[in-house]
Amino acid sequence: MIVGSVLGHGLLASLLLVGGLATALLGLEIGGLGTGQREPTRAFAPANVAGEVSVVRATPSLEIQLQVPPGAIPGEELVLRFAPRAVNEGGALERTGSLPLMLHQPGGDVQYRDIGFAPGRSFTARFVAADLDPALPVILTIHRPSGTWGLVFPAGSIEAGGPPELFVQTTMKAALCMMPLLFLISAAGLLGAARFNAPTALGLGLALLVLLAGQDVLRDGAEYVVRASETARQLETEGHAADDGREHADTPAEVSPLQRSLADVALVGLRALPPMDAFDRTSDLLDRRSVTPPQCARAALLALPGLSVLVLAAWLLLSRRDLLPT
Amino acid sequence: MTFLRQVAAIAELRARQGVASRLGFIVPFGVVVGLGAALWVPGVDAAARAATADRVMLGAMSGLAVLAALIPAATTIPRELRTGAAYRLLA
């Protein structure tokens, strides 16, 4: 009964999610915020995989042979996303700069772009891809921006976008990633229902949801407690602890052994939780980044152990209850 | 094989119960969410408004789907245990 109930409730909720998202997209279209108002989503893949390169004063320009995803060229445009690390090389501090870029293929025309950037922020460059030949290498030349900032590009910090995808298609794939979470929540509700009454069962399901959604906050808190405890122990060992009885600015927060133990237990427990990002692909959609089938498969695989445990526990609890005939 | 048939029968029953309890309202309600988001979200340009509207739409529909997964799951079995219907299902 438990397995069937999880399947039934999970499937119905999944169908409602897909149907609801489809009609919500229709509503957006009717309201004037349709597909035309947003950039098409694309699958982005690392374009610089060879290792870290940089444009600094010592090496003011560099050439990279880009790995372009299949289907991106020839096309309407080749979209490149950059997430470099800015390095202050001295001089007047500027909040923004401009980065000269050149893209070409052997024997082809050179395309120039001057892209504005702010240190610490990613940026996008677009090139015309209609005349590019997929059989030839695509060479990107990056010049150092004038002014203070040099840029370091770690491997994978330049991404090339694949062919554009319909937003509705990406939304449906995001819904597919969300479905394992619906089965998990349904199983948590059933676990509570197998032993308790409806309000407790609801509370249990909501608690799991809150735990999944807030796990980053809990992890940050637990890590802070562990760090503070380690620092305090280190200071005590080195004999640098304050000896005048007053708190100093650099004195770490006081952590009791119980707090430290709870933080350790929380960190171990949180390791067993699947990350919420695996199910909730909202940030990808807002970043106009396509959701890939392996990401959906990963979400399903991450949910599987938890789902098995919840179903098994619910079955055990239900089998211990007395069922009375009507 | 019998186990799978039983699982499928219970799953179908749960889905039918969900439909009977008018959970299907979520689908047409999506139009209202999308339309409302498109008409009322703020933003400096269409792209910014589209991003906000997408966030609203995804958040609202995912939230409703989570409730549609949780509430029937948490309430059905206690009711069936109380009325004795669970005995007939497991028999």
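Using the Cα centre of chain B as the reference point, and only Cβ charges (+1 on K/R, -1 on D/E), how large is the resulting charge dipole? Debye, rounded to the nearest 20. Please list the in-between numbers first.
Numbers: 9 positive and 4 negative charges, 86 e Å.
Approximately 420 debye in magnitude.
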Helical mean residue ellipticity (222 nm; -39500 (n - 2.57) per DSSP H run of 4+; nearest 500) of chain A: -15500 deg cm²/dmol
Within chain B, helix-based [θ] at 222 nm, where runs of 4 or more DSSP H residues each add -39,500 (n - 2.57), nearest 500: -29500 deg cm²/dmol
Point-to-point label distance, A:Ala118-A:Ala297, nm (Cα→Cβ direction, 7 Å offset): 3.9
Sorted by Cβ neighbour density within 10 Å, fewest at the top, the residues A:Arg281, B:Arg49: B:Arg49, A:Arg281
Lys/Arg +1, Asp/Glu -1 at C-beta; chain B dipole; positive extreme among B:Val32, B:Gln6, B:Pro42: B:Gln6
Rel. contact order, % - alpha carbon contacts under 8 angstrom, at least six apart, chain A: 23
Protection proxy ranking, peptides B:9-21, A:209-221, A:140-152, average beta carbon neighbours within 10 Å, highest first: A:140-152, B:9-21, A:209-221
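Please give the contour-minus-distance gain from A:Val152 to A:Leu270: 0.36 nm per residue of separation, less the Cα-Cα distance, rounded to one decimal in nm.
Numbers: separation 118, 0.36 × 118 = 42.48 nm, distance 3.38 nm.
Extending this stretch completely gives an extra 39.1 nm.
Write down the Å³ per residue value for the convex hull defined by the alpha carbon atoms of chain A. Could the numbers behind the result be given before it?
Numbers: hull volume 76.4 nm³, N = 326.
Cα convex hull per residue, to the nearest whole number: 234 Å³.
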Inter-part distance where segment A:154-170 and segment A:31-108 are each reduced to a Cα centre, Å: 12
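With charges set only on the Cβ (+1 for Lys and Arg, -1 for Asp and Glu), what does the dipole of the protein assembly as shown come to about its Cα centre, in debye to the nearest 20?
Working: 33 positive and 35 negative charges, 390 e Å.
Rounded to the nearest 20 debye, it is 1880 debye.
Using a 10 Å cut-off around each Cβ, can you sort A:Ser256, A:Ser54, A:Ser186 from fewest to most neighbouring Cβ atoms?
Starting with the residue having the fewest Cβ neighbours, the order is A:Ser256, A:Ser54, A:Ser186.
Read the figures in this text as sums done on the coordinates, not as results from a lab. Small disclaimer: the values here were computed from a predicted structure and weren't measured. FYI the Cβ positions are ideal-geometry reconstructions off the backbone, even for glycines, and counts take in every protein chain you see.
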